[in-house]
Amino acid sequence: MVRETRLDPASFVLPLFVRSGAGLRQPIGSMPGCFQTSVDELLIDARMAADAGVGGVMLFGIPDHKDAIGSGAWDDAGPVQEAIRMLVRELPDLVVMTDVCLCEYTDHGHCGVIKGETVDNDATLELLAREAVSHARAGAHVVAPSDMMDGRVGVIRAALDAEGFHETSILSYSAKYASAFYGPFREAAESAPQFGDRRAYQMDPANAEEALREVQLDIEEGADMIMVKPAGPYLDIVARVKAATGYPLAAYQVSGEFAMIQAAAERGWIDGERAMMESLLGIRRAGADVIITYFATEAARVLRRGR
Ligand code: PBG
C-alpha cells in the first residue's frame, strides 16, 4: 500500500531486430530469448508484447547490403519501413519507435560517414534526416536518433516539419555513453565498428555534467523526450537529468545488462525473475518514465500475474 515506486508495462518499450525475408527467426546467441526476425515473425513478437500491455516497440534494421554511407537506412522498401507500416496497421495501440542511426547500414560500422579516419559529423546530419523522414513516411510515431552526432535533433526536426511530419516525435539518445555493455547488441545488429571505436561521439563514462549539457542542447533543438543509456550503471545520471529538466525521460537497459542477468540466471547463480524486476524497479525509482528493455514482455507478464 505504501510502496513508493510501481512499474507499469505501458511504460516499457521492447527493442526488435528486423531483416528482410519471410519466416525468418534467428536466435541471437548472446541475448537468450531475442531474435533477428523477418517482418511477418516480428508481428508475432510485437503482438505478444502488446497483449501483455507493453507500451511500445523500438525497431532496429539489418539491411541486406551495407555501403559507405549507409544508404539502406532511407530505403522506403527496407525491412524497418515495411515493419512500421505493418505494425501501425495491425497493432494500432502500440507506439512504434525507430532507432535512427547509420551503424547498422554502413560497411565500416560507424554511426556516420567517414572522412579520413574519423566520422564527419556535419556530413552525417543530412543522411540521418533522410532516414528519420523515411521512417516517418512509413508511419513511425517516434524517431530515436542514437548516433550522437552534434546538432542532429535540430536537423531532424526541421526535415520532419518540412515534409509535413509535425506530429512525429523525437526521442533523443541524449546521454549515450561509450559503453562495454553494448557488446551483445553489436552481434544482434551486426554493427560492430570495423576500425577504431565510438569514443569520439559517445560520452566518457566518467562524465555527468556533460550529460546535463547534452540533454539541454537536445531539448533546445526540439527533442520531445530524452534518453540516458545504458541505464543500470548510470542511475545517477537518470536521477540528475530528471531533476534538472523534468522532461519525459527514457532509460535504455542495454544488451549487456540484459545478457548478464540472463547468463547468471541460466547458471542458477541468481534468481532471474527477481533480478529482472529489481533492475527495472531501480531504473524507475531513479526517475525514468519510459524503460527500453529486452525484458519488456516477460516483465509485463510478471506484473500482470501479480506477486
Ligand atoms: C546504434 C545503437 C547501439 C545501441 C542502440 N543503438 C549500439 C552502439 O552504439 O554501439 C545499443 C543497444 C544495446 O546494447 O542494447 N548506434
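The values are calculated or read from the model by the stated rules, or taken from the named source; none is laboratory data. In this text, all values refer to a predicted model and were calculated from it rather than measured experimentally. No Cβ is skipped: glycine too gets one built from the backbone with ideal geometry, and neighbour counts run over all protein chains shown. Calculation scope for accessible area: heavy atoms of the full protein, side chains included, ligands and nucleic acids excluded. Shrake-Rupley method; radii C 1.70, N 1.55, O 1.52, S 1.80 Å.
Residues in the range 150-207 that are open to solvent by less than 30 Å² (accessible area, probe 1.4 Å), of a type in the set (Lys, Arg) and closer than 22 Å to residue 220 by Cβ: 152, 176.
Name the residue that is surrounded by the fewest Cβ atoms within 10 Å (Cβ to Cβ), counting only residues in the range 58-75 that are in a loop (DSSP other than H, G, I, E, B) and of a type in the set (Asp, Glu). The qualifying residue surrounded by the fewest Cβ atoms within 10 Å (Cβ to Cβ) is 64.
From the list 55, 78, exactly one residue is touching a Ser or Thr at 6+ places or on another chain (Cβ under 7 Å), over 13 Å from residue 143 (Cβ atoms) and either in contact (Cβ under 8 Å) with a residue 24 or more places away in the chain or surrounded by 18 or more Cβ atoms within 10 Å (Cβ to Cβ) (or both). Which is it?
Numbers: 78 fails: touching a Ser or Thr at 6+ places or on another chain (Cβ under 7 Å).
When all the criteria are applied, what remains is 55.
With a requirement of 1 or more residues that are within 22 Å of residue 75 (Cα to Cα), within 14 Å of the ligand (Cβ to nearest atom) and under 19 Å from the mean Cα position of the chain (by Cα), the helices (runs of 4 or more DSSP H) lying completely within the range 130-223 that satisfy it span 152-162, 183-188.
Do the conditions hold for residue 247, that is, is it aromatic (Phe, Trp, Tyr), more than 13 Å from the ligand (Cβ to nearest atom) and not in a helix (DSSP H, G or I)?
Spelling it out, residue 247 is indeed aromatic (Phe, Trp, Tyr), more than 13 Å from the ligand (Cβ to nearest atom) and not in a helix (DSSP H, G or I).
If the condition is being touching a strand residue (DSSP E or B) at 6+ places or on another chain (Cβ under 7 Å) and open to solvent by less than 60 Å² (accessible area, probe 1.4 Å), then the range 259-294 contributes 279, 280, 283, 287, 288, 289, 290, 291, 292, 293, 294. Within the range 244-258, the set of residues being open to solvent by 10 Å² or more (accessible area, probe 1.4 Å) and either in contact with a strand residue (DSSP E or B) (Cβ under 8 Å, 6 or more places away or on another chain) or farther than 20 Å from residue 206 by Cβ (or both) comprises 245, 246, 247, 248.
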